[in-house]
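Values in this text are rule-based calculations from the coordinates and carry no lab data. These figures come from a predicted structure and were not determined experimentally. Positions of Cβ are generated from backbone atoms using ideal geometry, with glycine treated the same way; all protein chains shown enter the neighbour counts.
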Amino acid sequence: MAKRIALVSGGMGGIGTSICKALAAAGHTVVTTYSKPGKEQAWLADMKEAGYQAYAYQCDVTDTAACQAMVEKITQDLGPVDILVNNAGITRDATFKRLTKDDWSAVISTNLDSVFNMTKPVLDGMVDRGWGRVINISSINGQKGQFGQTNYSAAKAGMHGFTMALAQEVAKKGVTVNTISPGYIATDMVMAVPEDVRNKIIAQIPVGRLGKPEEIAGLVTYLSSDVSGFMTGANLAINGGQHTM
Ligand code: CAA
């Protein structure tokens with residue numbers, strides 16, 4: 001398989017770390033963003049110990065100019081980005097009655113504006129080189145909505161709207177754009193849901209458990225490969241059978 005440079009936003013989180021490991025195991029050079037200093041040394045050491053080639057750049061994915069500058073630096077330091085995984089995301093759960101404009105804006109900018117900010121600086125190069133992969137990590141809650149997540153569900157549904165439109169624009173250029181919609185995965189984000197609420201959620205998953213981050217990463221590896229070239233504009237659900245449509 002061709003070795004490429006893969007940029008993963010938010011690659012130090014639960015799903016993000018698994019995605020980075022899987023892409024590195026597939027032979028790619030992996031670059032992740034991180035928002036706040038603190039975890040990066042341990043994360044880089046862990047990747048190195050596993051024998052993976054990985055790099056980390058601090059970048060606020062809500063900042064358009066910072067993303068542009070980061071991609072220019074990656075291109076100078078390592079080479080052009082051929083695989084982009086838009087994975088960075090946060091929750092600010094509250095019923096709409098209690099949701100503040102700050103909660104709304106934080107989630108829309110981190111989860112959706114970031115998709116523009118990260119894709120914009122890499123896409124022209126992918127088109128010029130005639131090969132590229134953009135993979136958007138959305139959520140089951142963008143497909144079905146979720147009580148307490150008007151902000152998150154809107155952002156995650158928006159990601160797939162972006163996927164469907166951009167996929168059409170670059171389909172003839174060797175660039176694919178796809179969405180993955182994970183269900184409930186055993187990450188810190190899901191573990192932050194109150195335990196009683198979480199237990200009710202697990203009871204609704206036919207497989208009877210939370211998903212594992214590696215189960216998402218495996219699909220990212222496939223979508224990043226040459227053999228996935230005919231799959232574009234898709235929204236792929238990995239949710240333990242918790243289908244909603
Ligand atoms: N459906 C219907 N009613 C619900 C409900 C649901 N899913 N959840 C709560 N309610 C009801 C409660 O029964 C309660 O009703 P009463 O007032 O009649 O008793 C009312 O709504 C208020 O519930 P809470 O006491 O829980 O209200 P709260 O303000 O303390 O918390 C909340 C609200 C923040 C939304 C909380 O319920 C919560 O955290 N829910 C989980 C939301 C969720 O699933 N988030 C996913 C995070 S993981 C993720 O996002 C990753 C991914 O992509 C899958």
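List of remarks:
- Close amide-amide hydrogen proximity is noted between Val177 and Val134, Gly233, each under 5 Å apart and 5 or more residues distant or on a separate chain (H modeled in the peptide plane; Pro and chain starts excluded).
- Note that the stretch 90-95 has calculated 3J(HN,Hα) couplings of 9, 10, 9, 6, 6, 4 Hz, one per residue in order, obtained from phi through the Karplus relation 6.51 cos²θ - 1.76 cosθ + 1.60 (θ = phi - 60°); glycine and proline are x.
- Cut-off 12 Å between beta-carbons: net charge of the residues surrounding Thr91, Lys and Arg +1, Asp and Glu -1: -1
- With Cα atoms, 0 to 90° folded angle of helix 114-129 axis to the chain main axis: 30 degrees
- Under-5 Å amide H pairs with Val61, H placed in peptide plane, nonlocal only: none
- Axis of helix 64-77 versus longest Cα principal axis of the chain: the two differ by about 40°, to the nearest ten degrees.
- Summarising the amide proton neighbourhood of Val85: residues at separation of 5 or more, or on other chains, whose placed amide H is nearer than 5 Å comprise Leu7, Val8, Ser9, Ile135.
- Values of log10 I(q)/I(0), in the order q = 0.10, 0.11 Å⁻¹, for the chain under a Debye, Cα-only, solvent-free model: -0.44, -0.54
- Local electrostatic count at Ala155 - Lys and Arg +1, Asp and Glu -1, tallied over other residues with Cβ under 11 Å: +1
- Residues Lys120 and Ala192, FRET efficiency given R0 of 22 Å [Cβ-Cβ distance, rounded to 0.05]: 0.10
- In degrees, nearest ten, helix 213-223 long axis to first principal axis of the chain (Cα): 40 degrees
- Within the stretch 114-130: backbone nitrogen closer than 13 Å to the Thr64 label point (7 Å, Cα to C-beta): 114-121
- Virtual paramagnetic centre 7 Å along Cα→Cβ of Ala2, amide N under 15 Å, in the stretch 163-190: 172-177
- Spread of Cα-to-Cα distances over 10 Å intervals beginning at zero, given as percent, for the stretch 79-173: 16, 44, 26, 12, 2
- Applying the Karplus relation 6.51 cos²θ - 1.76 cosθ + 1.60 with θ = phi - 60° to the stretch 7-18 yields 3J(HN,Hα) values of 10, 10, 7, x, x, 9, x, x, 6, x, 4, 5 Hz, where x marks Gly and Pro.
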